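The values are calculated or read from the model by the stated rules, or taken from the named source; none is laboratory data. All values reported here derive from a predicted model rather than from experimental measurement. Cβ atoms come from the backbone with ideal geometry, glycine included; neighbour counts cover every protein chain shown. Only protein heavy atoms, including side chains, enter the accessible area calculation; ligands, DNA and RNA are left aside. Shrake-Rupley method; radii C 1.70, N 1.55, O 1.52, S 1.80 Å.
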Amino acid sequence: MTGRDEFTGSRTNRAGAAPDGPLGGGRLPALEAALADARDLPDGPDRQVTLERLAERADAAGDVRSGVDARFALIEAYLLDGERWRLVEPVRRCRAAADHRPELLTDNETGLLLRYQRYAVEALLGTPRVGLDQTRALLHDLAHRVGTDGPDAPTVAELHCRIADHLGDEPTARHWYERWSGKRPGPAGGCPGCASARRAELLAGWGEWRAALGELEKRDGEPEPCTDQPERDLVAGLLPALRAGEPERAAAAHVRAYRRHRREPAAFPYLAAHLRFCALGGHLERGLTILTEQLPRLDRPSDDLAAMEFAAAGALVCTLAEEAGLGGRPLPRPAYGGRPATEPDVSTLGALLLGVASELAGSFDARNGTGHHSGRMAAWLAERPLTAPVVLPADDEPDGPDADGSDEASGSGERELMALTVDMITAVLDRRGDQYLVEEGDTVVGRWGGVVIQFRRAGERGEVLHARAMAARRLPATRRSEAYAFCNAWNHDRLLPKAYAHDIGEELVLAGDVATDLTHGVAPAQLTVLVDAAIATGVAYAEAVAALP
C-alpha cells in the first residue's frame, strides 16, 4: 500500500472473473471491443469522454457489466488525472448497479468499490465543486455497509472526523477522532503508513503541537510499506516542531523532505508547509527561492485546497519579505496558456497570491455555509516568525543510518542480475514517488506532464523492457505529412524514443518506443537508469510535440 498512489493496480486483479463477466452471455462484443480500445487511448480528456459515452451506450443497451467496467475505468482515469471531484456520479451508478444485481461484482471488485466510495467522500475536502449533501449521503451509505464493528469502521470514523474539521466543527471532529485514533485503517481505508501523519495534521490544526509530534513518534512494530515515507511524516511535523521550540529538528526535516518534494508532481499539497516553515522560521530568502521554483505548479494544482494553502503560504512569505525590505525584488512567473511571462515584484506577487487564496477560501465557505477557511487563511497571514533562523543542513547531506558506507548503503543487491519482472518496474517507480496504474496484461502506465508512458515486458520470455510514450497533444489527420516529417526529423537527430505517428481516424497520436533486450537479466540499479531514461526522453518528446505550431 502506498500513500498518494493507493489506487494503483486496482483493476489488475479481477481474480475469479470469467472472460464474459459474472453474468455470462449478457455482454455485447462491440462494447467490449470499444472499451478495450478506450483503455489504449492516451490518458486525458479524450479518454474520459470516450469512457463516459461507452458507459451511456452500455446503459442504453442494457449491458450492465460493460457499464460497470466502463465506469471503473473512468474512475481510474479521473484518479490518474487528479480529478477526484468527478468520482461521485460514476461511484453512485456502480453502487446502484451492484445493489440491484449483487452477483454483478467479484469479491475484489466489491472491495474496490468501497475504496472508490471513500475516494469520492474525500473529494469534498479537496474542492468546493462537490456538494455537501452528496458527500454526506455517500458517507452515510458507506457507514451502513461497513457496520459499527467491521474492519472499515475506523475508516468511517476518520472520514467523519476530517469532514467535521473541514467544516470548522472542532467538537464533532474531536468526538470522531477518539473513535479513529490508534486504530488501523481497514481494507477501504487510507494508507496505514500515513495514518499517523493525517492524525498529526489534525492535532496541529487544533494547536496541540506536542501531541502531534507524539503521534508521529508512535510505531506499531515494523514500519508500514509506504512510498511517501519518511518524508510524509517529516513534513507533518515541520510546524509542530517549530512551535514546540525545536527549530533544529524542523530545519532538518524541511531540508530532507523538500529534497524529494521539490520535483515530485504529487507532492504539491505539502509545499504550503515548506513555505510556512521558511516564513515562521525566518528563512525568507529560501522561502522566496522555493516560491519562485514552485510557482508554475499553481497553474495546474492537484486540488483546490492545495492551491489555496500554497497561495496563502506564498502570500505570507511575500508579506514578511516586504516587511524585511525585499518588496521590490522581481520574481519570474512563466507564461501559461494565454498569460505571458512576467516578472512581478515580491509585493505584487504577494497581492496576487492573496487574491487566489481568498477566492478559493470563499468558494469553500460558500459551499460549506461557514467562514472557517477564510478565517483559517487570515490566521495564517497574520503569523510572524516564531524564532531566530537556525542554520539549515546542507541539501546534499546523506540521509539515514545507512549513509556510512556500509554494505547495505552501498546497495550491493542493486547490482545483482535477475529476470525482469513487473514488480521490479513498479519498484523503480515507487522509489521515484511516481503515480502509476497496472492495467490488464501487466502493463504499467503513468503520466509525466504531457506524456503517458506504458512499461511492459515483451518477447517470448518477457525479457525485453518495452516503453511506449504517447504525447497528450494530438494532431488532426489532415496534418499527416507534417507529423511524418516531425517523426523523421526526430529519429534523424535523436536515439530515443523511436518516434512514429499512429492514425486513429480523425486524429494522429504521436508516440515513441524504447525497447531494451535484457535476455541475460537486469540489475535493479540498471533498471532504474533505463526507466529514468525512458521517462526523461518521453517527456522531451512530448514537449517537442506540444511545441509544434
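When the test is whether a residue is over 26 Å from Ala472 (Cα atoms) and open to solvent by less than 50 Å² (accessible area, probe 1.4 Å), Val64 passes it.
Hey, can you tell me all the residues within region 506-523 that are open to solvent by less than 20 Å² (accessible area, probe 1.4 Å) and in contact with a Lys or Arg (Cβ under 7 Å, 6 or more places away or on another chain)?
Correct list: Leu508, Val509, Ala511, Gly512, Ala523.
State the number of residues belonging to region 422-433 that are without any contact (Cβ under 8 Å) to a residue 24 or more places away in the chain and assigned to a loop (DSSP other than H, G, I, E, B). Residues that pass the stated criteria total 0.
Table: residues versus (1) open to solvent by 10 Å² or more (accessible area, probe 1.4 Å); (2) among the small types (Gly, Ala, Ser); (3) touching a Lys or Arg at 6+ places or on another chain (Cβ under 7 Å).
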residue: Arg71; (1), (2), (3): yes, no, yes
residue: Arg84; (1), (2), (3): yes, no, no
residue: Leu87; (1), (2), (3): no, no, no
residue: Ala96; (1), (2), (3): yes, yes, no
residue: Asp99; (1), (2), (3): yes, no, no
residue: Glu103; (1), (2), (3): yes, no, no
residue: Arg115; (1), (2), (3): yes, no, no
residue: Leu124; (1), (2), (3): no, no, no
residue: Arg129; (1), (2), (3): yes, no, no
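Considering region 491-506, and only residues there that are among the acidic types (Asp, Glu) and under 19 Å from Leu475 (Cβ atoms), the residue that is modelled with the highest pLDDT turns out to be Asp503.
Candidates in region 269-288 are the residues that are open to solvent by 10 Å² or more (accessible area, probe 1.4 Å) and within 24 Å of the chain's Cα centre (by Cα); of these, the one that is farthest from Ala250 (Cα to Cα) is Pro269.
When the helices (runs of 4 or more DSSP H) confined to region 180-276 are screened for residues that are under 23 Å from Gln117 (Cα atoms), those reaching at least 3 such residues are found at 195-205. Scanning region 145-179 for residues that are modelled with pLDDT of 95 or more, part of a loop (DSSP other than H, G, I, E, B) and among the β-branched types (Val, Ile, Thr) yields a count of 0.
Within region 45-61, if we keep just the residues that are open to solvent by less than 20 Å² (accessible area, probe 1.4 Å) and either among the aromatic types (Phe, Trp, Tyr) or touching a Gly at 6+ places or on another chain (Cβ under 9 Å) (or both), the residue that is farthest from Gly82 (Cα to Cα) turns out to be Ala58. Here region 85-113 is the region considered, the condition is being in a loop (DSSP other than H, G, I, E, B) and out of contact with any helix residue (DSSP H, G or I) (no Cβ under 6 Å at 6 or more places or on another chain), and the residue that is nearest to His140 (Cα to Cα) is Arg101. Looking only at residues in region 404-438 that are hydrophobic (A, V, I, L, M, F, W, C) and open to solvent by 40 Å² or more (accessible area, probe 1.4 Å), the one that is modelled with the lowest pLDDT is Ala409.
Checked against the criteria, Gly237 does not count as under 23 Å from Val346 (Cβ atoms), over 18 Å from the mean Cα position of the chain (by Cα), crowded, with 24+ Cβ neighbours inside 10 Å and small (Gly, Ala, Ser). For region 473-500, the set of residues classified as open to solvent by less than 100 Å² (accessible area, probe 1.4 Å) and assigned to a helix (DSSP H, G or I) consists of Ala477, Arg479, Arg480, Ser481, Glu482, Ala483, Ala485, Phe486, Cys487, Ala489, Trp490, Asn491, listed by residue number. Quick one: in region 439-466, which of the residues that are under 19 Å from Glu543 (Cα atoms) and not in a strand (DSSP E or B) is least open to solvent (accessible area, probe 1.4 Å)? Only one residue fits best here, namely Gly450. With respect to the conditions (1) open to solvent by 30 Å² or more (accessible area, probe 1.4 Å); (2) closer than 13 Å to Leu202 by Cα, Gln134 lacks only one, and its number is (2).
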